[in-house]
Amino acid sequence: MVRKILPLVVVVFACWLALFAQPDFKQIERDREPDLKPTWYFFDWAAKAPYAPVFHVLDTESSLGRYAKRTKAITLKDLVKFHGHLCDGLVTAAVALNLGFKVLYPEGVIDRTDTGCVTNNSPCFGDVAAYLTGGRIRFGTQKIDPKMGNEFILYRFSTREAVHIAMKPGVFPDELAQLEKKIRSGNFSPADIDRCQKMQWDFARKVLNTPPEQLFTVKKLPDFDWKPDEYPNRGVRGDILLKNAP
Ligand SMILES: [Zn+2]
């Protein structure tokens, strides 16, 4: 009997801890040496841009571990390694999400055990949001809304706060939007690919050299209700259950 009940008690206790205890963000030591060295996949202009964000994220220490006592610094370069390339979508998502994180985590540390994200299904937006928030489709903490445009929603599970970040109208170059549409339609020349790539990098560069508040709107969503997307193999994320264990 005790053998049967004990695991249940542990899970209930862990869930209670996860819901009601919070890390002391002010006491957590920050990793201050992010890798920003340019290389073939991470350009000089991105490494040195004035508005290139550096994120500090908090995780657990092991698969059944507690909160770590230090954060990790994540740069655009790290995002490129995960996503596969430096593109305007990666830069847009990073800068936009950084504005949202400032609302959800004013202390400056992103709790990747406690954050969900909603984006459209572009490879770039979804990758960056998942990496920075720790949200995953398979745990019901990442959502995809194909109707969304150049916009993002961040959600903090413990406080039920949601933030919406959207690119302002007129910021994304119309000429680039038309060219991307043409290429996706299949009716394009090899030169179009080169021109599109250059225009995307020019736009990414502009985003990293403009105060982010000029490019995006940020607003809280007080009535936002988090409902996980349907996914048949959804499971419990075990590596955060004991984050607050003594
Ligand atoms: Zn991309």
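Would you say Gly135 is away from the ligand (no atom under 16 Å from the Cβ), touching a Cys at 6+ places or on another chain (Cβ under 6 Å) and not in a helix (DSSP H, G or I)?
yes
On the given criteria, is Pro106 over 12 Å from the mean Cα position of the chain (by Cα) and either within 16 Å of the ligand (Cβ to nearest atom) or among the acidic types (Asp, Glu) (or both)?
Here the answer is no, as Pro106 does not meet what is asked.
For Gly126, only one of the following conditions fails: (1) free of Cβ contacts under 8 Å to residues at least 40 places away in the same chain; (2) more than 16 Å from the ligand (Cβ to nearest atom); (3) in a helix (DSSP H, G or I). What is its number?
Going through the list (1) free of Cβ contacts under 8 Å to residues at least 40 places away in the same chain; (2) more than 16 Å from the ligand (Cβ to nearest atom); (3) in a helix (DSSP H, G or I), Gly126 breaks only (2).
Report, ordered by the first and then the second residue, all pairs with beta carbons closer than 6 Å, sequence separation of six or more or different chains, a first member in region 197-217 that is more than 17 Å from Leu176 (Cα to Cα), and a second member that is among the hydrophobic types (A, V, I, L, M, F, W, C) and part of a loop (DSSP other than H, G, I, E, B).
The qualifying pairs are Leu208/Ala49; Leu208/Ala52; Asn209/Ala49.
Could you check region 1-107 for helices (runs of 4 or more DSSP H) lying wholly inside it with 3 or more residues that are at pLDDT below 95 and of a type outside the set (Lys, Arg)?
Here the list reads 2-20.
So the check is Cβ under 8 Å with 6+ separation or different chains; which pairs have a first residue in region 175-190 that's of a type in the set (Lys, Arg) and a second one that's surrounded by 14 or more Cβ atoms within 10 Å (Cβ to Cβ) and in a helix (DSSP H, G or I)?
Close Cβ pairs (under 8 Å, with a partner that is surrounded by 14 or more Cβ atoms within 10 Å (Cβ to Cβ) and in a helix (DSSP H, G or I)) amount to Lys182/Asp192.
Identify the residue in region 68-83 that is in contact with a strand residue (DSSP E or B) (Cβ under 6 Å, 6 or more places away or on another chain) and within 16 Å of the ligand (Cβ to nearest atom) and, among all such residues, is farthest from Ala52 (Cα to Cα).
Val80
Could you please let me know if Ala52 is touching a residue at least 12 places away in the same chain (Cβ under 8 Å) and under 13 Å from the mean Cα position of the chain (by Cα)?
So Ala52 fails the test.
Give just the number: which of (1) part of a helix (DSSP H, G or I); (2) more than 30 Å from Gly235 (Cα to Cα); (3) more than 16 Å from the ligand (Cβ to nearest atom) does Pro169 not satisfy?
With (1) part of a helix (DSSP H, G or I); (2) more than 30 Å from Gly235 (Cα to Cα); (3) more than 16 Å from the ligand (Cβ to nearest atom) applied to Pro169, the lone miss is (1).
Please work out if Gln142 is more than 18 Å from Phe216 (Cα to Cα), surrounded by fewer than 18 Cβ atoms within 10 Å (Cβ to Cβ) and not β-branched (Val, Ile, Thr).
no
Specify the residue that is farthest from Lys206 (Cα to Cα); the eligible residues are those in region 84-103 that are of a type in the set (A, V, I, L, M) and either surrounded by 20 or more Cβ atoms within 10 Å (Cβ to Cβ) or within 14 Å of the ligand (Cβ to nearest atom) (or both).
Leu97
Being farther than 18 Å from Val103 by Cβ, surrounded by 15 or more Cβ atoms within 10 Å (Cβ to Cβ) and in contact with an Asp or Glu (Cβ under 8 Å, 6 or more places away or on another chain): is that true of Ala204 here?
So Ala204 passes the test.
Look through Thr119, Thr115, Thr39 and report the one residue that is more than 16 Å from the ligand (Cβ to nearest atom) and surrounded by 14 or more Cβ atoms within 10 Å (Cβ to Cβ).
Just a single option satisfies the conditions, and that option is Thr115.
In region 174-215, which residues are among the charged types (D, E, K, R) and either outside any helix (DSSP H, G or I) or more than 28 Å from the chain's Cα centre (by Cα) (or both)?
Within region 174-215, Lys182, Asp192, Asp194, Arg195 meet the criteria.
Quick one: Cys196 ticks every box in (1) surrounded by 15 or more Cβ atoms within 10 Å (Cβ to Cβ); (2) modelled with pLDDT of 95 or more; (3) under 30 Å from Gly135 (Cα atoms) except a single one, so which number is it?
Checking Cys196 against (1) surrounded by 15 or more Cβ atoms within 10 Å (Cβ to Cβ); (2) modelled with pLDDT of 95 or more; (3) under 30 Å from Gly135 (Cα atoms), the one that fails is (3).
The values are calculated or read from the model by the stated rules, or taken from the named source; none is laboratory data. Predicted model only: the values in this text are computed from it and were never measured. Every residue, glycine among them, receives a Cβ derived from its backbone with ideal geometry; neighbour counts consider all protein chains shown.
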